[in-house]
Amino acid sequence: MSITVHDRSAQVGFLRGLQRRCPNCGEGRLFAGYLKVEPVCEACGHENGAYRADDGPAYFTMLIVGHLVVAPLLGFSFILAWPAAAVLAVTLPLVAAITLAVLPLVKGAFIGIQWATQ
């Protein structure tokens, strides 16, 4: 089911992008790998490679992880009580894993918003 230009909404594009699906039909995969955009949707033929994400998703991911993970970590007492090396050994893998998990979702949503506004 292809969507016409007047049926496009930011909410539809955002949600389909979060699901890592083609923003046009919601059926095909948006990514060919971890972050590589599938150039053409296998379900509807929409050219998803036309949307340039560049550094936008990385900035939004840093903003999200920084506010929702790093800032609350500062409230834990072990951050000040433990040696710096121990704090880094515990927190860096956590922050890295969350960042890597969130990045494809943000990139999909970013592309979905671009689809809705073109």
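Could you please state, rounded to a whole Å, how far the C-alpha centre of segment 91-118 is from the C-alpha centre of segment 5-78? Result: 5 Å between the Cα centres. Residues whose amide H lies under 5 Å from that of residue 21, counting only those 5 or more places away or on a different chain, are 30; hydrogens are built 1.01 Å from N in the peptide plane. Residue exposure proxy: 105, 74, 30, ordered by other Cβ atoms within 10 angstrom of their Cβ from fewest to most, comes out as 74, 105, 30. Charge tally for residue 19 (other residues, Cβ to Cβ under 13 Å; Lys, Arg +1; Asp, Glu -1): +4. Note on residue 36 and residue 50: the extension gain reaches 3.8 nm, defined as 0.36 nm multiplied by sequence separation minus the Cα-Cα distance.
Karplus-based coupling profile of segment 104-110, in residue order and whole Hz: x, 5, 5, 5, x, 5, 4, with θ = phi - 60° in 6.51 cos²θ - 1.76 cosθ + 1.60 and x standing for Gly or Pro. The slack between residue 63 and residue 82, meaning 0.36 nm per residue of separation minus the straight C-alpha distance, is 4.2 nm. Magnitude of the charge dipole for the chain, about its Cα centre and with charges confined to Cβ atoms of Lys, Arg (+1) and Asp, Glu (-1), is about 120 debye. So how tilted is helix 56-65 from the main axis of the chain? Cα-based, degrees 0 to 90, rounded to 10. Approximately 40 degrees, to the nearest 10.
Rule-based calculations on the coordinates, nothing more; no lab input. The structure presented is a predicted model; accordingly, all values stated were derived computationally and were not measured. Cβ sites come from the backbone with ideal geometry, for glycine too, and all protein chains shown count toward neighbours.
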